[in-house]
1. If one takes the longest principal axis of the Cα atoms in chain B, at what angle in degrees, from 0 to 90 and to the nearest 10, does the Cα axis of helix B:171-186 lie?
2. Taking the dipole about the Cα centre of the stretch A:2-193, with the C-beta of Lys and Arg at +1 and of Asp and Glu at -1, give me whichever of A:35, A:81, A:188 is farthest to the positive side.
3. Between beta-carbons, use under 14 Å as the cut-off and find the net charge around residue A:53, counting Lys and Arg +1, Asp and Glu -1.
4. For the stretch A:1-93, restrict the atom set to alpha-carbon positions and state the Rg and Dmax in Å.
5. Charges on Cβ only, +1 for Lys and Arg, -1 for Asp and Glu, centred on the Cα centroid of the stretch B:90-156; of B:123, B:111, B:94, which one is farthest towards the dipole's positive end?
6. Would you mind classifying the stretch B:78-157 by shape? Square roots of the alpha carbon gyration tensor eigenvalues, ordered a ≥ b ≥ c; an a/c under 1.5 is rounded, otherwise it is prolate if a/b is larger than b/c and oblate if not.
7. Provide A:79, A:174 in ascending order of the number of other Cβ atoms located within 10 Å of each residue's Cβ, fewest first.
8. Test of understanding: ordering B:22, A:190 by Cβ neighbours within 10 Å, fewest first, what list do you get?
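All of the numbers you see were taken from the coordinates with simple rules; none came from a lab. A quick note: this is a predicted structure, and the numbers were derived from the prediction, not measured. Using ideal geometry, Cβ is built from the backbone for each residue, glycine included, and neighbour counts are taken over all protein chains shown.
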Amino acid sequence: MLGTHMLATFYLALIGLALGLIIGIIVAILIHVVPYLREAFAPLLVLSQNVPLIALGPLLMIWFGFGWTPKLILLVLVCFFPIALSILMGLGQAEPQLREYLGMIGASRWERLKRLEFPASLTYLFSGLRIAATYVVSSAIVAEWLGANKGIGFYLKLKFNGFDQPGVFGSIVCVVTLSFLFYYAVVIAERLIIRWRPRSEGDWKGASS
Amino acid sequence: MRSVGSKLELIGINKAYRRGKEQVPVLNNIHLQVHAGEFVTLIGPSGSGKSTLFRLIGGVERPDQGRILVDGNDVTGQRGLISYMPQQAALFPWLSVEDNISSALVTTGTTKVEAKQQAANWLERIHLGGVAKEYPHVLSGGMQMRVSFLRALLMRRNVMCLDEPFAALDALTRADMQRWLLDLWEADRRSVLFVTHSIEEALMLSDRIYVLSSAPATILREIVVPFERPRRADVWKDPAFVQLRLEVLGLLGSK
């Protein structure tokens, strides 16, 4: 019973996070490549984070019904912001010597993005993803609370309405478990993908720097 | 192997940068040539605009006046004609040593499979086969420079530009690297434009030397280095070597 609700929330959060990641990457790269988009979009991006979920949620429900669409929109709005912001920072941080090297050998803008700026921003991407992964589960709960027929948020509302304290605590335990799951999945993915950094400070780095 | 180099000519190059309201001249009427398969060195005090000269040749910037020719064709402001070895090794930290080289080859149109094969073979040949799959940060400074040089050598471009590649190395590694570079270059004879601060290095490696003045840079003298190739390791004992060294030292000191 609780298991199916937990699974529903898990899928909702997972898809929300994945979409948020993809949209975050796209938005960051667009803004980075076309700098004047930054000025055009910056107020809009901040605005998207200012409107409270409990105000936006009901509106989205009215517009898109009670299915997945309004919930995913909500989650994407929560997730993409920290991801896009951190990638955007990382894209600008690429080492100047590598930038100069690519310029001298005549690399195109696209090559510079692909070979230098994007890989250089990966460590930043993961720090944004960690923040998003921490928020995604509790945001999914809010979305389900506002209108759903399954998921921990729905279960929580049910138990709350019945003044069922053990039931409420039970759902809190589920939420915490899921949050940990997401966070550590990101940490493990980061370790698997970013392998080029020296493991410890004791590593010798040669005389070149 | 036959020479795969091209002739590079700079004709009457002038370049100034704007600093506030003033125009600060950096390069003043620079004429120079690198013949096909020739090793030419630029030597001059720091801040004499050598890096600017490279940026012009690389097409990253345009000269205010003057033309750049490769094999007689005007290529002023055109990019993608040279291969380049910067002062720091500038290897991509997220690529393995082998991928650092092969990805550069892919830029010049080699297929991925062939580029990988070529990179692996060459790394084996320069005794770095054992670290081909490692990330660059585990290599010593000297090894990183070898990889960086190989990357520039294997990119089949008309002219190789080497910008003080050994400046950051200690003296022993540096002497080693000069020997190593000469051996590889003499087997293949690409056109090379080399920048250094070290007079010994310039005399050791090059066919001709252009001595630059401090900013705004002009060419003070062109020196033909008379020693035969392949160059002997103890060429520095030659009285002519000592004589030329003093001559360049005098030129650099006089300004």
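1. 80
2. It is A:188, whose Cα lies furthest towards the positive end.
3. Spelling it out: positives minus negatives among the neighbours equals 0.
4. In order Rg, Dmax, the Cα atoms of the stretch A:1-93 give 15.1, 51 Å.
5. Of the listed residues, the answer is B:111.
6. Oblate is the answer for the stretch B:78-157, as a/c is 1.5 or above yet b/c matches or exceeds a/b.
7. The fewest-first ordering by Cβ neighbours comes to A:174, A:79.
8. B:22, A:190
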